[in-house]
Amino acid sequence: MARDIEADAYLCGRLYAALAELQRLGIGEHHSLGRQETLRKLAKEPSKHLIDHLHKAGKYLVDAGRRGQGSPAATVFRSLPDLLPTGRELPGCLRDAALQERFQAGITAQRAEIAKAV
């Protein structure tokens, strides 16, 4: 069980980074997922905050296309299914320090993947 929640925390970090990049490409630098206070809230309760942005991912993709960022946004968009926990919902609470570290490690890893891909 502990391994599953650690793996899910890592995936949530990766999912956050992908959604933040997709939103940035669609909206610009002043996007809500880029705010530190949003990240702090989201890191503690991912399902509460990420689900809404996951629902808006298609809109971010379309908006990015309108801004001339369609190709990198499509690359990021296609990665989203692989960043969801298989057969489980996103975790509701990641308040433990070790889980926060895994979340941050996921962000770092996904940002590196995005940098390589786009």
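The values are calculated or read from the model by the stated rules, or taken from the named source; none is laboratory data. Keep in mind that this is a model prediction, so the values were computed, not measured. In this analysis, Cβ positions are derived from the backbone assuming ideal geometry, glycine residues included, and neighbour counts consider all displayed protein chains. Side chains included, ligands, DNA and RNA excluded: accessible areas come from the protein's heavy atoms. Shrake-Rupley method; radii C 1.70, N 1.55, O 1.52, S 1.80 Å.
Tabulated data
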item: Whole-number percent relative contact order across the chain, with pairs defined as alpha carbons under 8 Å at least 6 apart; result: 47
item: For the chain, size of Cβ-based charge dipole, Lys and Arg +1, Asp and Glu -1, in debye; result: 300
item: The range 60-118, accessible surface, carbon-and-sulfur percent (1.4 angstrom probe); result: 51
item: Residues of the range 26-89: accessible area per residue with a 1.4 Å probe, Å²; result: 62
item: C-alpha center-to-center spacing [the range 87-111, the range 30-54] in angstrom; result: 12
item: Spread of Cα-to-Cα distances over 5 Å intervals beginning at zero, given as percent, for the range 1-62; result: 4, 19, 28, 25, 14, 6, 3, 1
item: Additional length obtainable on full extension of the chain from R111 to K59, 0.36 nm per residue less Cα span; result: 16.6 nm
item: Principal semi-axes in Å for the chain [√(5λ), Cα gyration tensor, largest first]; result: 24, 14, 12
item: Spin-label pair R95/T38, simplified geometry with 7 Å Cα→Cβ offset, distance in nm; result: 2.4
